[in-house]
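Take a look at the structure set out below.
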Amino acid sequence: MNELKTFNDLQYTRPDFEEMKAFYLDVNERVKAAKTYDEVKACIEEEETFSSRFNTMAVIVQIRHTVDTSDEFYEKEDEYINQNYPELMPHVQAFNLALLASPFKAEIDKEYGEQFLKAVKLGADSFSEKNIALLQEENELTNRYQRLTAACKIPFAGEEHNLYGILKFFSDPDREVRKEAAKRYAEFFEQNDAELGEIFDRLVKIRHQMGVNMGFKNFIPLGYMQQGRMDYDEKDVASFRQQVLEEIVPFCQELYKAQARRIGVDKIRFYDEQLIFSDGNAVPIGDSAYLVEQARKMYRDMSEETGEFIDFMIEHQLMDLDNKPNKAATGYMTALNDYKAPFVYSCFNGTTGDVDVLTHEMGHAFAGYMAMRHQPLQALWSEPTDIAEIHSMSMEQFAYPYAELFFGDKADKYRFQHLQEAITFVPFGVAVDEFQHIVYENPDMTPEERTAAWHDLEKKYMPWRDYGEENDFFNRGGWWYHKLHIFHYPFYYINYTLTTMGALEFKKKYATDKGACWEDYMTLCKLGGSLGYLDTLKAANLANPFVEGGVKRAVEYAIKILKDKIED
(Lines give C-alpha, C1' and ligand atoms only; values in the text may rest on other atoms or scores of the structure.)
Protein backbone atom coordinates (compact mmCIF):
# COMPACT_ATOMS: atom_id res chain seq x y z
CA MET A 1 0.00 0.00 0.00
CA ASN A 2 1.41 3.40 -0.98
CA GLU A 3 2.06 6.00 1.70
CA LEU A 4 -0.67 8.63 2.00
CA LYS A 5 -0.19 12.13 3.41
CA THR A 6 -3.36 14.12 2.71
CA PHE A 7 -5.75 14.16 -0.23
CA ASN A 8 -4.63 17.66 -1.25
CA ASP A 9 -1.04 16.42 -1.47
CA LEU A 10 -1.90 13.77 -4.04
CA GLN A 11 -0.45 14.40 -7.46
CA TYR A 12 -2.54 13.73 -10.53
CA THR A 13 -0.98 12.18 -13.62
CA ARG A 14 -3.09 11.88 -16.75
CA PRO A 15 -3.62 8.19 -17.62
CA ASP A 16 -1.98 7.07 -20.87
CA PHE A 17 -4.67 4.99 -22.58
CA GLU A 18 -2.34 3.72 -25.30
CA GLU A 19 0.00 2.40 -22.61
CA MET A 20 -2.98 0.79 -20.90
CA LYS A 21 -4.12 -0.91 -24.10
CA ALA A 22 -0.61 -2.28 -24.62
CA PHE A 23 -0.50 -3.56 -21.04
CA TYR A 24 -3.80 -5.44 -21.41
CA LEU A 25 -2.76 -6.88 -24.76
CA ASP A 26 0.41 -8.25 -23.14
CA VAL A 27 -1.20 -9.63 -19.98
CA ASN A 28 -4.05 -11.14 -21.99
CA GLU A 29 -1.62 -13.09 -24.19
CA ARG A 30 0.31 -14.25 -21.14
CA VAL A 31 -2.82 -15.62 -19.48
CA LYS A 32 -3.75 -17.52 -22.64
CA ALA A 33 -0.21 -18.93 -22.95
CA ALA A 34 0.20 -19.78 -19.25
CA LYS A 35 1.40 -23.30 -18.48
CA THR A 36 0.96 -23.05 -14.70
CA TYR A 37 -1.43 -21.43 -12.26
CA ASP A 38 1.42 -19.36 -10.81
CA GLU A 39 1.79 -17.64 -14.21
CA VAL A 40 -1.92 -16.80 -14.23
CA LYS A 41 -1.78 -15.55 -10.65
CA ALA A 42 1.17 -13.29 -11.53
CA CYS A 43 -0.91 -11.74 -14.31
CA ILE A 44 -3.85 -11.17 -11.95
CA GLU A 45 -1.55 -9.46 -9.45
CA GLU A 46 0.07 -7.27 -12.13
CA GLU A 47 -3.35 -6.23 -13.40
CA GLU A 48 -4.35 -5.36 -9.83
CA THR A 49 -1.44 -2.95 -9.47
CA PHE A 50 -1.92 -1.45 -12.92
CA SER A 51 -5.68 -0.94 -12.69
CA SER A 52 -5.36 0.38 -9.13
CA ARG A 53 -3.16 3.20 -10.39
CA PHE A 54 -5.64 4.12 -13.10
CA ASN A 55 -8.61 3.93 -10.72
CA THR A 56 -6.83 6.21 -8.25
CA MET A 57 -6.13 8.86 -10.90
CA ALA A 58 -9.74 8.67 -12.13
CA VAL A 59 -11.07 9.13 -8.58
CA ILE A 60 -8.80 12.14 -7.95
CA VAL A 61 -10.33 13.72 -11.07
CA GLN A 62 -13.86 12.81 -10.00
CA ILE A 63 -13.43 14.38 -6.57
CA ARG A 64 -11.74 17.57 -7.74
CA HIS A 65 -14.22 18.00 -10.57
CA THR A 66 -17.27 17.63 -8.32
CA VAL A 67 -15.76 19.88 -5.62
CA ASP A 68 -15.56 22.66 -8.23
CA THR A 69 -17.40 22.01 -11.48
CA SER A 70 -16.11 25.34 -12.80
CA ASP A 71 -12.47 24.19 -12.65
CA GLU A 72 -11.65 23.90 -16.36
CA PHE A 73 -8.61 21.65 -15.87
CA TYR A 74 -10.44 18.89 -14.04
CA GLU A 75 -13.52 19.31 -16.21
CA LYS A 76 -11.35 18.56 -19.24
CA GLU A 77 -9.63 15.65 -17.47
CA ASP A 78 -13.03 14.23 -16.52
CA GLU A 79 -14.12 14.49 -20.17
CA TYR A 80 -10.83 12.90 -21.30
CA ILE A 81 -11.28 9.88 -19.03
CA ASN A 82 -14.98 9.48 -19.84
CA GLN A 83 -14.31 9.58 -23.56
CA ASN A 84 -11.31 7.24 -23.56
CA TYR A 85 -12.25 4.66 -20.95
CA PRO A 86 -15.02 3.05 -23.06
CA GLU A 87 -12.41 2.46 -25.79
CA LEU A 88 -10.19 0.68 -23.25
CA MET A 89 -13.00 -1.62 -22.19
CA PRO A 90 -12.57 -4.18 -25.03
CA HIS A 91 -8.97 -4.70 -23.91
CA VAL A 92 -10.04 -5.19 -20.30
CA GLN A 93 -12.75 -7.49 -21.61
CA ALA A 94 -10.20 -9.60 -23.47
CA PHE A 95 -8.23 -10.09 -20.25
CA ASN A 96 -11.40 -11.10 -18.40
CA LEU A 97 -12.37 -13.54 -21.14
CA ALA A 98 -8.90 -15.06 -20.97
CA LEU A 99 -9.37 -15.66 -17.24
CA LEU A 100 -12.77 -17.24 -17.87
CA ALA A 101 -11.27 -19.53 -20.52
CA SER A 102 -8.24 -20.45 -18.42
CA PRO A 103 -7.74 -24.14 -17.62
CA PHE A 104 -6.81 -22.92 -14.12
CA LYS A 105 -10.29 -21.60 -13.21
CA ALA A 106 -10.57 -24.05 -10.32
CA GLU A 107 -7.32 -22.73 -8.84
CA ILE A 108 -8.54 -19.14 -9.25
CA ASP A 109 -11.78 -20.04 -7.43
CA LYS A 110 -9.81 -21.71 -4.65
CA GLU A 111 -7.49 -18.72 -4.25
CA TYR A 112 -10.02 -15.87 -4.48
CA GLY A 113 -13.42 -17.47 -4.00
CA GLU A 114 -16.01 -18.35 -6.64
CA GLN A 115 -17.59 -14.87 -6.60
CA PHE A 116 -14.55 -13.31 -8.30
CA LEU A 117 -14.99 -15.14 -11.61
CA LYS A 118 -18.77 -14.88 -11.35
CA ALA A 119 -18.41 -11.10 -11.21
CA VAL A 120 -15.89 -11.18 -14.06
CA LYS A 121 -18.35 -13.19 -16.16
CA LEU A 122 -21.20 -10.80 -15.39
CA GLY A 123 -19.02 -7.89 -16.46
CA ALA A 124 -18.08 -9.70 -19.67
CA ASP A 125 -21.70 -10.61 -20.42
CA SER A 126 -22.84 -7.01 -19.96
CA PHE A 127 -20.35 -5.44 -22.38
CA SER A 128 -20.39 -5.10 -26.14
CA GLU A 129 -18.06 -3.10 -28.38
CA LYS A 130 -21.22 -1.92 -30.14
CA ASN A 131 -21.93 0.15 -27.04
CA ILE A 132 -18.66 2.08 -26.82
CA ALA A 133 -19.88 5.22 -28.58
CA LEU A 134 -23.14 5.04 -26.63
CA LEU A 135 -21.26 4.84 -23.33
CA GLN A 136 -19.28 7.91 -24.32
CA GLU A 137 -22.45 9.84 -25.11
CA GLU A 138 -24.05 8.62 -21.88
CA ASN A 139 -21.10 10.05 -19.93
CA GLU A 140 -21.44 13.39 -21.72
CA LEU A 141 -25.14 13.61 -20.90
CA THR A 142 -24.81 12.71 -17.20
CA ASN A 143 -22.05 15.32 -16.89
CA ARG A 144 -24.34 17.83 -18.56
CA TYR A 145 -27.03 17.14 -15.94
CA GLN A 146 -24.46 17.49 -13.16
CA ARG A 147 -23.13 20.80 -14.51
CA LEU A 148 -26.63 22.19 -14.94
CA THR A 149 -27.72 21.39 -11.39
CA ALA A 150 -24.36 22.40 -9.84
CA ALA A 151 -24.55 25.85 -11.47
CA CYS A 152 -27.96 26.55 -9.87
CA LYS A 153 -28.14 29.93 -8.09
CA ILE A 154 -31.38 30.65 -6.25
CA PRO A 155 -31.80 34.09 -4.62
CA PHE A 156 -33.62 33.65 -1.31
CA ALA A 157 -33.65 35.29 2.13
CA GLY A 158 -31.06 37.84 1.06
CA GLU A 159 -28.54 35.25 -0.14
CA GLU A 160 -27.79 33.14 -3.18
CA HIS A 161 -28.20 29.38 -2.71
CA ASN A 162 -27.48 26.25 -4.71
CA LEU A 163 -29.85 23.27 -4.61
CA TYR A 164 -28.41 21.92 -1.36
CA GLY A 165 -28.44 25.36 0.24
CA ILE A 166 -32.12 26.08 -0.40
CA LEU A 167 -33.20 22.73 1.07
CA LYS A 168 -32.49 23.88 4.63
CA PHE A 169 -35.50 26.22 4.38
CA PHE A 170 -37.81 23.24 3.76
CA SER A 171 -37.79 22.64 7.53
CA ASP A 172 -38.14 26.27 8.65
CA PRO A 173 -40.81 26.68 11.39
CA ASP A 174 -42.38 29.52 9.37
CA ARG A 175 -44.78 27.97 6.88
CA GLU A 176 -44.55 30.91 4.47
CA VAL A 177 -40.77 30.51 4.36
CA ARG A 178 -41.14 26.79 3.60
CA LYS A 179 -43.73 27.45 0.91
CA GLU A 180 -41.64 30.13 -0.80
CA ALA A 181 -38.45 28.01 -0.64
CA ALA A 182 -40.30 25.07 -2.25
CA LYS A 183 -41.63 27.41 -4.94
CA ARG A 184 -38.15 28.73 -5.75
CA TYR A 185 -36.76 25.19 -5.80
CA ALA A 186 -39.46 24.09 -8.23
CA GLU A 187 -38.89 27.16 -10.41
CA PHE A 188 -35.31 26.07 -11.10
CA PHE A 189 -36.49 22.73 -12.50
CA GLU A 190 -39.41 24.30 -14.36
CA GLN A 191 -37.12 26.87 -16.00
CA ASN A 192 -34.86 24.01 -17.12
CA ASP A 193 -37.71 21.65 -17.99
CA ALA A 194 -36.92 21.49 -21.70
CA GLU A 195 -33.20 20.79 -21.23
CA LEU A 196 -33.70 18.25 -18.43
CA GLY A 197 -36.38 16.48 -20.45
CA GLU A 198 -34.10 16.40 -23.48
CA ILE A 199 -31.14 15.05 -21.48
CA PHE A 200 -33.17 12.24 -19.97
CA ASP A 201 -34.95 11.44 -23.24
CA ARG A 202 -31.61 10.95 -24.92
CA LEU A 203 -30.30 8.86 -21.99
CA VAL A 204 -33.33 6.54 -22.20
CA LYS A 205 -32.88 6.04 -25.94
CA ILE A 206 -29.13 5.46 -25.60
CA ARG A 207 -29.62 2.90 -22.87
CA HIS A 208 -32.43 1.21 -24.78
CA GLN A 209 -30.10 0.81 -27.76
CA MET A 210 -27.41 -0.61 -25.49
CA GLY A 211 -29.86 -3.27 -24.34
CA VAL A 212 -30.90 -4.06 -27.91
CA ASN A 213 -27.24 -4.33 -28.91
CA MET A 214 -26.84 -6.96 -26.18
CA GLY A 215 -29.74 -8.95 -27.59
CA PHE A 216 -32.37 -7.82 -25.08
CA LYS A 217 -35.83 -6.41 -25.72
CA ASN A 218 -34.95 -3.23 -23.81
CA PHE A 219 -32.42 -1.84 -21.34
CA ILE A 220 -33.85 -3.42 -18.17
CA PRO A 221 -31.94 -6.76 -18.20
CA LEU A 222 -28.70 -4.90 -18.93
CA GLY A 223 -29.48 -2.39 -16.18
CA TYR A 224 -29.84 -5.24 -13.69
CA MET A 225 -26.56 -6.74 -14.87
CA GLN A 226 -24.80 -3.39 -14.48
CA GLN A 227 -25.98 -3.36 -10.86
CA GLY A 228 -24.37 -6.77 -10.33
CA ARG A 229 -27.65 -8.60 -9.73
CA MET A 230 -27.43 -12.38 -10.03
CA ASP A 231 -29.79 -13.66 -7.33
CA TYR A 232 -33.16 -12.08 -8.20
CA ASP A 233 -35.11 -10.51 -11.06
CA GLU A 234 -37.79 -7.95 -11.93
CA LYS A 235 -40.58 -10.15 -10.54
CA ASP A 236 -38.88 -10.28 -7.13
CA VAL A 237 -38.51 -6.51 -7.10
CA ALA A 238 -42.15 -6.01 -8.13
CA SER A 239 -43.21 -8.30 -5.27
CA PHE A 240 -41.14 -6.25 -2.86
CA ARG A 241 -42.73 -3.01 -4.09
CA GLN A 242 -46.17 -4.54 -3.52
CA GLN A 243 -45.24 -5.42 0.07
CA VAL A 244 -44.17 -1.80 0.60
CA LEU A 245 -47.49 -0.61 -0.82
CA GLU A 246 -49.42 -2.83 1.57
CA GLU A 247 -47.33 -2.59 4.74
CA ILE A 248 -45.58 0.79 4.76
CA VAL A 249 -47.70 3.24 2.73
CA PRO A 250 -50.73 3.05 5.09
CA PHE A 251 -48.49 3.63 8.14
CA CYS A 252 -46.85 6.63 6.44
CA GLN A 253 -50.31 8.15 6.06
CA GLU A 254 -50.77 7.74 9.83
CA LEU A 255 -47.40 9.42 10.44
CA TYR A 256 -48.27 12.43 8.28
CA LYS A 257 -51.71 12.83 9.91
CA ALA A 258 -49.99 12.87 13.30
CA GLN A 259 -47.41 15.32 11.98
CA ALA A 260 -50.16 17.67 10.73
CA ARG A 261 -51.65 17.75 14.23
CA ARG A 262 -48.22 18.21 15.78
CA ILE A 263 -47.22 21.21 13.65
CA GLY A 264 -50.72 22.72 13.64
CA VAL A 265 -51.81 22.51 9.99
CA ASP A 266 -55.02 21.16 8.50
CA LYS A 267 -53.18 18.89 6.07
CA ILE A 268 -49.55 18.18 5.30
CA ARG A 269 -48.48 19.85 2.07
CA PHE A 270 -45.25 19.05 0.24
CA TYR A 271 -43.55 22.04 1.87
CA ASP A 272 -44.57 20.79 5.34
CA GLU A 273 -43.22 17.26 5.07
CA GLN A 274 -39.76 18.04 6.40
CA LEU A 275 -40.92 20.03 9.45
CA ILE A 276 -41.40 17.30 12.03
CA PHE A 277 -41.94 19.54 15.08
CA SER A 278 -43.81 22.86 15.28
CA ASP A 279 -40.94 24.63 17.06
CA GLY A 280 -38.42 23.35 14.53
CA ASN A 281 -36.48 20.17 13.89
CA ALA A 282 -33.34 19.19 15.66
CA VAL A 283 -30.38 20.84 13.97
CA PRO A 284 -26.67 20.22 14.53
CA ILE A 285 -25.19 22.37 17.29
CA GLY A 286 -21.92 23.11 15.52
CA ASP A 287 -20.15 23.64 12.20
CA SER A 288 -18.47 20.95 10.13
CA ALA A 289 -15.26 20.98 12.18
CA TYR A 290 -17.25 20.54 15.38
CA LEU A 291 -19.36 17.74 13.91
CA VAL A 292 -16.31 15.87 12.64
CA GLU A 293 -14.76 16.04 16.09
CA GLN A 294 -17.96 14.65 17.63
CA ALA A 295 -17.91 11.89 15.00
CA ARG A 296 -14.38 11.07 16.13
CA LYS A 297 -15.62 10.68 19.72
CA MET A 298 -18.53 8.50 18.58
CA TYR A 299 -16.50 6.16 16.41
CA ARG A 300 -13.75 5.80 19.00
CA ASP A 301 -16.35 4.76 21.55
CA MET A 302 -18.25 2.49 19.17
CA SER A 303 -15.42 0.01 18.58
CA GLU A 304 -11.66 -0.29 18.22
CA GLU A 305 -12.04 -0.74 14.45
CA THR A 306 -14.22 2.33 13.94
CA GLY A 307 -11.86 4.38 16.10
CA GLU A 308 -8.89 3.42 13.95
CA PHE A 309 -10.94 4.21 10.85
CA ILE A 310 -12.06 7.72 11.87
CA ASP A 311 -8.52 8.68 12.90
CA PHE A 312 -7.31 7.57 9.47
CA MET A 313 -9.98 9.64 7.70
CA ILE A 314 -9.24 12.80 9.69
CA GLU A 315 -5.46 12.49 9.68
CA HIS A 316 -5.35 12.17 5.88
CA GLN A 317 -8.11 14.78 5.23
CA LEU A 318 -10.29 12.33 3.34
CA MET A 319 -13.47 14.40 3.52
CA ASP A 320 -14.81 17.44 1.66
CA LEU A 321 -18.01 18.42 3.46
CA ASP A 322 -18.74 22.16 3.25
CA ASN A 323 -21.17 23.51 0.67
CA LYS A 324 -19.60 25.90 -1.85
CA PRO A 325 -20.55 27.65 -5.11
CA ASN A 326 -20.21 25.38 -8.17
CA LYS A 327 -19.90 22.30 -5.99
CA ALA A 328 -21.85 19.38 -7.47
CA ALA A 329 -25.13 18.87 -5.61
CA THR A 330 -24.55 15.32 -4.46
CA GLY A 331 -22.99 13.21 -1.75
CA TYR A 332 -20.92 10.08 -2.10
CA MET A 333 -18.19 7.84 -0.80
CA THR A 334 -15.46 6.71 -3.17
CA ALA A 335 -12.01 5.15 -2.74
CA LEU A 336 -8.40 5.86 -3.62
CA ASN A 337 -7.35 2.28 -4.33
CA ASP A 338 -3.58 2.83 -4.27
CA TYR A 339 -3.86 3.95 -0.66
CA LYS A 340 -6.75 1.73 0.49
CA ALA A 341 -8.34 5.02 1.45
CA PRO A 342 -12.05 5.88 1.39
CA PHE A 343 -13.12 9.46 0.61
CA VAL A 344 -16.38 11.14 1.68
CA TYR A 345 -17.96 14.05 -0.20
CA SER A 346 -20.97 16.15 0.77
CA CYS A 347 -22.51 19.65 0.82
CA PHE A 348 -23.34 20.52 4.43
CA ASN A 349 -26.32 22.86 4.78
CA GLY A 350 -26.95 23.13 8.52
CA THR A 351 -29.63 20.42 8.73
CA THR A 352 -29.82 16.92 10.18
CA GLY A 353 -28.55 15.75 6.79
CA ASP A 354 -25.09 16.92 7.81
CA VAL A 355 -25.02 14.38 10.63
CA ASP A 356 -26.53 11.74 8.35
CA VAL A 357 -23.49 12.16 6.10
CA LEU A 358 -21.20 11.47 9.06
CA THR A 359 -23.08 8.23 9.66
CA HIS A 360 -24.39 7.16 6.23
CA GLU A 361 -21.42 7.99 3.97
CA MET A 362 -19.01 7.11 6.77
CA GLY A 363 -20.79 3.76 7.04
CA HIS A 364 -19.92 3.19 3.38
CA ALA A 365 -16.39 4.38 4.04
CA PHE A 366 -15.93 2.10 7.06
CA ALA A 367 -17.16 -0.90 5.08
CA GLY A 368 -14.72 -0.05 2.30
CA TYR A 369 -11.90 0.46 4.80
CA MET A 370 -12.50 -3.00 6.27
CA ALA A 371 -13.01 -4.81 2.95
CA MET A 372 -9.81 -3.30 1.51
CA ARG A 373 -7.94 -4.80 4.43
CA HIS A 374 -9.61 -8.23 4.35
CA GLN A 375 -10.20 -9.02 0.67
CA PRO A 376 -7.30 -9.74 -1.71
CA LEU A 377 -8.62 -8.12 -4.92
CA GLN A 378 -10.16 -4.77 -5.84
CA ALA A 379 -13.03 -6.65 -7.47
CA LEU A 380 -13.89 -8.03 -4.02
CA TRP A 381 -13.62 -4.73 -2.14
CA SER A 382 -16.97 -3.48 -3.43
CA GLU A 383 -20.02 -5.45 -2.43
CA PRO A 384 -23.13 -5.78 -4.63
CA THR A 385 -25.00 -2.46 -4.75
CA ASP A 386 -28.01 -3.99 -3.02
CA ILE A 387 -25.78 -4.88 -0.05
CA ALA A 388 -23.74 -1.65 0.02
CA GLU A 389 -26.45 0.54 1.52
CA ILE A 390 -26.95 -1.83 4.49
CA HIS A 391 -23.57 -0.73 5.86
CA SER A 392 -24.47 2.95 5.63
CA MET A 393 -28.08 2.82 6.79
CA SER A 394 -27.22 0.53 9.69
CA MET A 395 -24.50 2.93 10.80
CA GLU A 396 -27.15 5.67 10.93
CA GLN A 397 -29.09 3.49 13.39
CA PHE A 398 -25.98 2.64 15.43
CA ALA A 399 -25.42 6.40 15.90
CA TYR A 400 -28.69 6.91 17.83
CA PRO A 401 -27.09 6.49 21.29
CA TYR A 402 -24.63 9.27 20.38
CA ALA A 403 -27.17 11.81 19.15
CA GLU A 404 -26.49 14.13 22.12
CA LEU A 405 -22.99 14.74 20.74
CA PHE A 406 -24.45 16.32 17.63
CA PHE A 407 -27.80 17.71 18.82
CA GLY A 408 -27.46 18.38 22.54
CA ASP A 409 -30.83 18.50 24.29
CA LYS A 410 -32.63 18.01 20.95
CA ALA A 411 -31.28 14.46 20.61
CA ASP A 412 -34.67 12.80 21.18
CA LYS A 413 -36.17 14.99 18.47
CA TYR A 414 -33.46 13.83 16.09
CA ARG A 415 -34.00 10.16 16.87
CA PHE A 416 -37.73 10.43 16.19
CA GLN A 417 -37.47 12.47 12.99
CA HIS A 418 -34.68 10.28 11.62
CA LEU A 419 -36.63 7.08 12.23
CA GLN A 420 -39.78 8.59 10.72
CA GLU A 421 -37.82 9.65 7.64
CA ALA A 422 -36.28 6.18 7.34
CA ILE A 423 -39.79 4.76 7.01
CA THR A 424 -41.40 7.51 4.90
CA PHE A 425 -38.50 7.38 2.44
CA VAL A 426 -39.26 3.80 1.38
CA PRO A 427 -42.42 4.57 -0.68
CA PHE A 428 -40.54 7.27 -2.57
CA GLY A 429 -37.67 4.86 -3.20
CA VAL A 430 -39.88 2.16 -4.71
CA ALA A 431 -41.71 4.81 -6.77
CA VAL A 432 -38.35 5.77 -8.33
CA ASP A 433 -37.73 2.12 -9.15
CA GLU A 434 -41.15 1.55 -10.74
CA PHE A 435 -40.74 4.81 -12.68
CA GLN A 436 -37.50 3.52 -14.17
CA HIS A 437 -39.13 0.23 -15.13
CA ILE A 438 -41.92 2.15 -16.88
CA VAL A 439 -39.66 4.48 -18.84
CA TYR A 440 -37.23 1.77 -19.96
CA GLU A 441 -40.09 -0.55 -20.93
CA ASN A 442 -41.48 2.33 -23.02
CA PRO A 443 -38.45 4.14 -24.46
CA ASP A 444 -40.56 6.13 -26.93
CA MET A 445 -42.52 7.97 -24.23
CA THR A 446 -42.33 11.74 -24.52
CA PRO A 447 -40.93 13.83 -21.65
CA GLU A 448 -44.49 14.91 -20.88
CA GLU A 449 -45.66 11.29 -20.69
CA ARG A 450 -42.83 10.42 -18.32
CA THR A 451 -43.74 13.28 -16.04
CA ALA A 452 -47.37 12.16 -16.09
CA ALA A 453 -46.22 8.63 -15.18
CA TRP A 454 -44.36 10.03 -12.17
CA HIS A 455 -47.50 11.93 -11.14
CA ASP A 456 -49.48 8.65 -11.17
CA LEU A 457 -46.82 6.88 -9.09
CA GLU A 458 -46.97 9.62 -6.48
CA LYS A 459 -50.70 9.01 -6.17
CA LYS A 460 -50.01 5.29 -5.75
CA TYR A 461 -47.09 5.30 -3.31
CA MET A 462 -47.38 8.78 -1.73
CA PRO A 463 -51.12 9.47 -1.59
CA TRP A 464 -50.53 12.15 1.06
CA ARG A 465 -48.39 14.23 -1.34
CA ASP A 466 -49.98 17.63 -2.02
CA TYR A 467 -47.88 20.34 -3.64
CA GLY A 468 -50.50 23.06 -3.13
CA GLU A 469 -52.08 25.17 -5.83
CA GLU A 470 -49.02 27.42 -6.02
CA ASN A 471 -46.75 24.71 -7.43
CA ASP A 472 -48.12 23.68 -10.78
CA PHE A 473 -44.87 22.16 -12.08
CA PHE A 474 -44.48 19.63 -9.27
CA ASN A 475 -48.24 19.06 -9.30
CA ARG A 476 -47.90 17.88 -12.89
CA GLY A 477 -45.17 15.43 -11.88
CA GLY A 478 -41.91 17.38 -12.13
CA TRP A 479 -40.47 16.30 -8.76
CA TRP A 480 -38.48 13.40 -10.23
CA TYR A 481 -36.15 15.81 -12.05
CA HIS A 482 -34.28 16.54 -8.81
CA LYS A 483 -33.15 12.95 -8.23
CA LEU A 484 -29.63 12.56 -9.63
CA HIS A 485 -29.76 8.76 -9.45
CA ILE A 486 -32.51 8.64 -12.10
CA PHE A 487 -30.16 10.32 -14.57
CA HIS A 488 -26.84 8.79 -13.47
CA TYR A 489 -27.49 5.35 -12.00
CA PRO A 490 -30.44 3.49 -13.55
CA PHE A 491 -32.01 0.84 -11.28
CA TYR A 492 -29.76 1.73 -8.35
CA TYR A 493 -32.38 3.45 -6.20
CA ILE A 494 -34.28 0.31 -5.16
CA ASN A 495 -31.15 -0.61 -3.22
CA TYR A 496 -31.88 2.09 -0.63
CA THR A 497 -35.24 0.50 0.11
CA LEU A 498 -34.04 -3.11 0.14
CA THR A 499 -31.22 -2.19 2.46
CA THR A 500 -33.51 -0.19 4.74
CA MET A 501 -34.94 -3.59 5.62
CA GLY A 502 -31.50 -4.86 6.63
CA ALA A 503 -30.72 -1.68 8.56
CA LEU A 504 -33.94 -1.92 10.56
CA GLU A 505 -33.18 -5.58 11.30
CA PHE A 506 -29.82 -4.46 12.66
CA LYS A 507 -31.61 -1.77 14.70
CA LYS A 508 -33.63 -4.41 16.50
CA LYS A 509 -30.57 -6.63 17.01
CA TYR A 510 -28.58 -3.68 18.37
CA ALA A 511 -31.30 -3.10 20.99
CA THR A 512 -31.61 -6.75 22.01
CA ASP A 513 -28.07 -8.18 21.64
CA LYS A 514 -25.52 -5.50 20.84
CA GLY A 515 -22.54 -7.88 20.87
CA ALA A 516 -24.03 -10.33 18.38
CA CYS A 517 -25.27 -7.45 16.25
CA TRP A 518 -21.82 -5.88 16.00
CA GLU A 519 -20.25 -9.23 15.17
CA ASP A 520 -22.72 -9.68 12.29
CA TYR A 521 -22.10 -6.13 11.10
CA MET A 522 -18.33 -6.63 11.08
CA THR A 523 -18.82 -9.84 9.11
CA LEU A 524 -20.84 -7.86 6.57
CA CYS A 525 -18.15 -5.18 6.26
CA LYS A 526 -15.23 -7.60 5.97
CA LEU A 527 -16.95 -9.71 3.31
CA GLY A 528 -16.94 -6.90 0.75
CA GLY A 529 -18.02 -8.41 -2.54
CA SER A 530 -16.71 -11.91 -1.89
CA LEU A 531 -20.22 -13.43 -1.84
CA GLY A 532 -23.42 -12.89 -3.80
CA TYR A 533 -26.42 -10.98 -2.47
CA LEU A 534 -28.35 -13.79 -0.78
CA ASP A 535 -25.21 -15.50 0.55
CA THR A 536 -24.03 -12.20 2.03
CA LEU A 537 -27.36 -11.73 3.80
CA LYS A 538 -27.11 -15.26 5.16
CA ALA A 539 -23.54 -14.77 6.41
CA ALA A 540 -24.57 -11.61 8.27
CA ASN A 541 -27.71 -13.31 9.66
CA LEU A 542 -30.06 -10.99 7.76
CA ALA A 543 -33.37 -12.01 6.18
CA ASN A 544 -34.30 -12.14 2.50
CA PRO A 545 -36.56 -9.08 1.87
CA PHE A 546 -38.28 -10.70 -1.13
CA VAL A 547 -39.98 -13.53 0.75
CA GLU A 548 -43.62 -13.12 1.69
CA GLY A 549 -43.92 -11.16 4.92
CA GLY A 550 -40.29 -10.04 4.71
CA VAL A 551 -41.06 -6.32 4.72
CA LYS A 552 -43.46 -6.58 7.66
CA ARG A 553 -40.94 -8.50 9.78
CA ALA A 554 -38.14 -6.06 8.97
CA VAL A 555 -40.02 -2.87 9.86
CA GLU A 556 -42.33 -3.96 12.69
CA TYR A 557 -39.87 -3.03 15.48
CA ALA A 558 -39.31 0.48 14.08
CA ILE A 559 -43.02 0.96 13.44
CA LYS A 560 -43.85 0.02 17.03
CA ILE A 561 -41.40 2.65 18.30
CA LEU A 562 -42.98 5.32 16.09
CA LYS A 563 -46.52 4.29 16.95
CA ASP A 564 -45.78 4.55 20.66
CA LYS A 565 -44.28 8.01 20.11
CA ILE A 566 -47.17 9.43 18.07
CA GLU A 567 -49.70 8.01 20.53
CA ASP A 568 -47.86 9.87 23.29
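The values are calculated or read from the model by the stated rules, or taken from the named source; none is laboratory data. Just so it is clear, the model here is predicted, and its values are computed rather than measured. Every residue, glycine as well, gets a Cβ built from its backbone with ideal geometry; the counts of neighbours run over all protein chains shown.
Annotations for the structure displayed:
- Sole residue being touching a Lys or Arg at 6+ places or on another chain (Cβ under 9 Å) and more than 23 Å from Glu190 (Cα to Cα), chosen from Ile423, Ile494: Ile494
- Any hit, region 119-141, residues being closer than 21 Å to Gly478 by Cα and buried (at least 17 other Cβ atoms within 10 Å of the Cβ): yes
- Residues that are basic (Lys, Arg) and buried (at least 24 other Cβ atoms within 10 Å of the Cβ) within region 377-411 are absent altogether.
- Pick from region 13-41, criterion surrounded by 14 or more Cβ atoms within 10 Å (Cβ to Cβ) and not in a helix (DSSP H, G or I), ranking: nearest to the chain's Cα centre (by Cα): Pro15
- Unmet requirement for Lys514, which otherwise passes all of (1) surrounded by fewer than 18 Cβ atoms within 10 Å (Cβ to Cβ); (2) within 21 Å of the chain's Cα centre (by Cα): (2)
- Within region 170-179, the residues that satisfy the criterion of being out of contact with any Phe, Trp or Tyr (no Cβ under 7 Å at 6 or more places or on another chain) and buried (at least 18 other Cβ atoms within 10 Å of the Cβ) are Ser171, Asp172.
- Filtered residue count, region 286-304, keeping only those that are in a loop (DSSP other than H, G, I, E, B) and modelled with pLDDT of 95 or more: 1
- Selection from region 147-171 of residues that are within 26 Å of Ile263 (Cα to Cα) and in a helix (DSSP H, G or I): Leu163, Tyr164, Gly165, Ile166, Leu167, Lys168, Phe169, Phe170, Ser171
- When the criteria are applied in full, Asn96 meets the requirement of being in contact with a Gly (Cβ under 7 Å, 6 or more places away or on another chain) and not aliphatic (A, V, I, L, M).
- In the condition set (1) of a type outside the set (D, E, K, R); (2) surrounded by fewer than 23 Cβ atoms within 10 Å (Cβ to Cβ); (3) closer than 27 Å to Arg64 by Cβ; (4) touching a Lys or Arg at 6+ places or on another chain (Cβ under 8 Å), His374 is compliant with all but (3).
- The residue of region 42-52 that is surrounded by the fewest Cβ atoms within 10 Å (Cβ to Cβ), among those that are in contact (Cβ under 8 Å) with a residue 60 or more places away in the chain and out of contact with any Asp or Glu (no Cβ under 7 Å at 6 or more places or on another chain), is Glu48.
- Residue tally, condition more than 26 Å from Ala329 (Cα to Cα), surrounded by fewer than 23 Cβ atoms within 10 Å (Cβ to Cβ) and of a type in the set (Asp, Glu), over region 472-511: 0
- Test: residue in region 519-530 that is assigned to a helix (DSSP H, G or I), surrounded by fewer than 21 Cβ atoms within 10 Å (Cβ to Cβ) and not charged (D, E, K, R): yes
- Qualifying positions in region 68-99 - touching a Lys or Arg at 6+ places or on another chain (Cβ under 6 Å) and among the hydrophobic types (A, V, I, L, M, F, W, C): Ala98
- A single member of Arg207, Arg229 is in contact (Cβ under 8 Å) with a residue 40 or more places away in the chain, in a loop (DSSP other than H, G, I, E, B) and within 16 Å of Tyr489 (Cα to Cα), and it is Arg229.
- Residue list for region 232-276, restricted to those being assigned to a loop (DSSP other than H, G, I, E, B) and of a type outside the set (A, V, I, L, M): Tyr232, Asp233, Gly264, Asp266, Lys267, Arg269, Glu273, Gln274
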